[in-house]
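Okay, so here's the structure we're looking at.
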Amino acid sequence: MSEIKALLARGLWNENPALVQLLGLCPLLAVTTTVVNGLTLGLATSVVLIATNTLVSLMRKALVPVVRIPLFVLIIASLVTSIDLLMNALLFDLHELLGLFIPLIITNCAVLAQAETIASREPAWRAALAGLGAGLGTCAVLVALGALREIAGSGTLFAGMTMLFGERAEGWTITLPFDGMLVAILPPGAFFGLAVLLALRSWSIDRHARCAARRAGEAPIPDAGPA
């Protein structure tokens, strides 16, 4: 269990592809104007990560080093194309809304990095768990950034969930008592929102380090003053 927790924590927090490695920022910044957009792209990316890691791990002993990268890209492209076609058939409105950013998962460096550094060297169950952790970490950042931008930019939360969950999500939308700021749903708002998430993660790590130092009876870690 400890190994499973470590593999999940690695993708969710310690080596989060979006907040730590800063990979796949193009869809992260472009799509996250609402929660439903971020959640949909996050789920699609998670499925691709888990399936790619599992397939690459299962065939890792038969891989020819010279052609491994083209093979990884071929596997990723096949999976993404399948998801894109399924979304077009089952979730047409979301597919039209996300547009090119579903096929662009093929070029997401986080997926290729997982295949190269983890899946090609680990057994299938470890590779699948690593993909799950990385997928959940990416999805969490997409949803958090989408929530921040939707609240600040539109004054709503969970709007459009019917496109993903159908009629059962009709009452999920929360309307806040303000109209929002246009800048939040424009490109600058994406950078501001990502900066807020990065700052919150840094603050959380710093706070945890201070608490651990106090429990150990050590001197508190000084604040980083001006240069």
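The values are calculated or read from the model by the stated rules, or taken from the named source; none is laboratory data. Nothing here was measured: the structure is a model prediction, and the numbers come from that model. Quick reminder, even Gly has a Cβ in these numbers, built from the backbone with ideal geometry, and neighbours come from all protein chains shown. For accessibility, only protein heavy atoms count, side chains too; no ligands or nucleic acids. Shrake-Rupley method; radii C 1.70, N 1.55, O 1.52, S 1.80 Å.
At-a-glance table
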| item | result |
| --- | --- |
| Sparse-neighbour loop sites [trypsin sites (Lys or Arg not before Pro); segment 115-167; at most 13 other C-beta within 10 Å; DSSP] | R121 |
| FRET efficiency, 1/(1 + (r/R0)^6) with R0 30 Å, evaluated for A216 and C26 via beta carbons | 0.10 |
| The chain: relative contact order in percent, alpha carbon pairs under 8 Å with at least 6 residues between | 30 |
| Exposure rule at most 10 other beta-carbon atoms within 10 Å, DSSP loop GluC sites (Glu not before Pro): the chain longest free segment | 1-169 |
| Computed over segment 131-201: relative contact order in percent, which uses C-alpha pairs under 8 Å that are six or more apart | 33 |
| Surface share of carbon and sulfur [accessible, 1.4 angstrom probe, percent] for the chain | 69 |
| Highest-MSF residue in the chain out of F178, F191, F101 [GNM, Cα springs under 10 Å] | F178 |
| Spin-label model distance (nm) - C109 vs E15, 7 Å beyond Cα toward Cβ | 1.5 |
| Gain upon complete extension [A209, W125; 0.36 nm per residue less C-alpha separation] | 27.1 nm |
| Cβ-derived FRET efficiency at R0 30 Å, F92 paired with A6, nearest 0.05 | 0.15 |
